[in-house]
1. One residue is enough: does the range 85-108 have a residue meeting the conditions acidic (Asp, Glu), in contact with a Leu (Cβ under 8 Å, 6 or more places away or on another chain) and farther than 21 Å from GLY145 by Cβ?
2. Can ALA167 be described as loosely packed, with under 14 Cβ neighbours inside 10 Å, touching a helix residue (DSSP H, G or I) at 6+ places or on another chain (Cβ under 9 Å) and aliphatic (A, V, I, L, M)?
3. Please name all residue pairs, on different chains or six or more residues apart, with Cβ atoms under 6 Å, provided the first residue is in the range 86-114 and is without any contact (Cβ under 8 Å) to a residue 24 or more places away in the chain and the second residue is crowded, with 18+ Cβ neighbours inside 10 Å.
4. Would you check if LEU137 is in a helix (DSSP H, G or I), at pLDDT 95 or above and under 29 Å from THR76 (Cα atoms)?
5. Can you tell me which residue among ASP102, ASP128 is of a type in the set (Asp, Glu), surrounded by fewer than 17 Cβ atoms within 10 Å (Cβ to Cβ), closer than 26 Å to LEU14 by Cα and assigned by TED's automatic domain parsing to the domain that holds ARG142?
6. Would you be able to say whether some residue in the range 200-208 is exposed (fewer than 13 other Cβ atoms within 10 Å of the Cβ), out of contact with any His (no Cβ under 7 Å at 6 or more places or on another chain), closer than 27 Å to LEU21 by Cα and polar (S, T, N, Q)?
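The values are calculated or read from the model by the stated rules, or taken from the named source; none is laboratory data. Because the structure is a prediction, the values reported are computed rather than measured. Here the Cβ positions follow ideal geometry from the backbone for every residue, glycine too, while neighbour counts run over all protein chains shown.
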Amino acid sequence: MSQRRIPEATVARLPRYLQVLVEAADAGQHTLSSDDLAKASGLTSAKVRKDLSFLGTYGTRGVGYTVAQLTTEISTVLGLSDDRPVVIIGIGNLGRALATYDGFTRRGFRVEALVDADPDKIGTRVGDLVVQAPQDLPSLVRDRGVTIAVLATPADRTQAVADDVVAAGMTAILNFAPGHLDVPDRITVRSVDLSTELQILSFYEQLSQVSAAAS
């Protein structure tokens with residue numbers, strides 16, 4: 001089935017299933033039931049079965065889903081059949097942590113390059129990679145096929161960096177800085193604002209404390 005016909009809400013849950021499958025494979029499990037997937041994903045088994053049905057996958061009654069096969073099917077739908085190269089821009093504390101995070105490789109991505117505008121960082125090594133200059137972005141697209149940029153830059157620099165990323169020909173951005181990015185419609189942007197997530201957690205923590213005090 002075409003990816004374009006898969007609901008956005010289902011697409012958003014597929015990486016969660018993929019993580020469960022990778023962990024199951026690491027544990028030596030060869031099959032998982034919809035109940036297993038649901039429990040590990042924090043969803044209902046009915047939701048899991050409906051989501052996977054959009055992939056044309058229904059499992060085997062009494063057996064469930066084959067871990068290796070379902071991993072391949074979800075990876076294909078997400079465009080992860082081959083490792084996708086990414087560049088991390090901004091090699092501060094967060095950027096360094098991301099650069100050495102092995103979860104990228106395990107989820108179908110390959111950190112191809114590191115970029116920072118600080119002259120003191122350019123030419124230094126982080127793990128197996130040498131930090132490059134922003135001027136190298138066009139060649140990363142042209143020579144290495146990098147289309148995804150991970151931005152771990154200061155908030156006041158993020159829009160300018162995003163402009164450079166777009167001008168270089170990249171088409172997708174994962175942004176770790178707070179605030180909205182103004183980019184062309186053809187550019188896909190996903191933002192991870194850690195402070196916002198903590199504020200939401202604080203709201204629910206406060207709500208839980210109020211409920212506990214009232215009971």
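1. Going residue by residue through the range 85-108, those that are acidic (Asp, Glu) are 102.
Keeping just the survivors that are in contact with a Leu (Cβ under 8 Å, 6 or more places away or on another chain) gives none.
Looking for residues that are acidic (Asp, Glu), in contact with a Leu (Cβ under 8 Å, 6 or more places away or on another chain) and farther than 21 Å from GLY145 by Cβ, one finds none in the range 85-108, hence no.
2. Working: loosely packed, with under 14 Cβ neighbours inside 10 Å: yes; touching a helix residue (DSSP H, G or I) at 6+ places or on another chain (Cβ under 9 Å): yes; aliphatic (A, V, I, L, M): yes.
Answer is yes for this residue.
3. As it stands, the answer is PHE104/VAL111, since those pairs meet every condition given.
4. For LEU137, the condition - in a helix (DSSP H, G or I), at pLDDT 95 or above and under 29 Å from THR76 (Cα atoms) - is met.
5. Working: ASP128 fails: closer than 26 Å to LEU14 by Cα.
ASP102 is the lone residue from the list that is of a type in the set (Asp, Glu), surrounded by fewer than 17 Cβ atoms within 10 Å (Cβ to Cβ), closer than 26 Å to LEU14 by Cα and assigned by TED's automatic domain parsing to the domain that holds ARG142.
6. Looking for residues that are exposed (fewer than 13 other Cβ atoms within 10 Å of the Cβ), out of contact with any His (no Cβ under 7 Å at 6 or more places or on another chain), closer than 27 Å to LEU21 by Cα and polar (S, T, N, Q), one finds none in the range 200-208, hence no.
Condition check ((1) under 19 Å from the mean Cα position of the chain (by Cα); (2) acidic (Asp, Glu); (3) not in a loop (DSSP other than H, G, I, E, B)) across all residues:
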residue: ASP118; (1), (2), (3): no, yes, no
residue: LEU181; (1), (2), (3): yes, no, no
residue: PRO184; (1), (2), (3): no, no, no
residue: ALA213; (1), (2), (3): no, no, yes
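Every residue, every condition in (1) on the phi < 0 side of the Ramachandran plot; (2) touching a Ser or Thr at 6+ places or on another chain (Cβ under 8 Å); (3) touching a residue at least 12 places away in the same chain (Cβ under 8 Å), yes or no:
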site: ALA152; (1), (2), (3): yes, no, yes
site: THR158; (1), (2), (3): yes, no, yes
site: ASN175; (1), (2), (3): yes, yes, yes
site: ASP182; (1), (2), (3): yes, no, yes
site: VAL192; (1), (2), (3): yes, no, yes
site: GLU197; (1), (2), (3): yes, no, no
site: ILE200; (1), (2), (3): yes, no, no
site: GLN206; (1), (2), (3): yes, no, no
site: GLN209; (1), (2), (3): yes, no, no
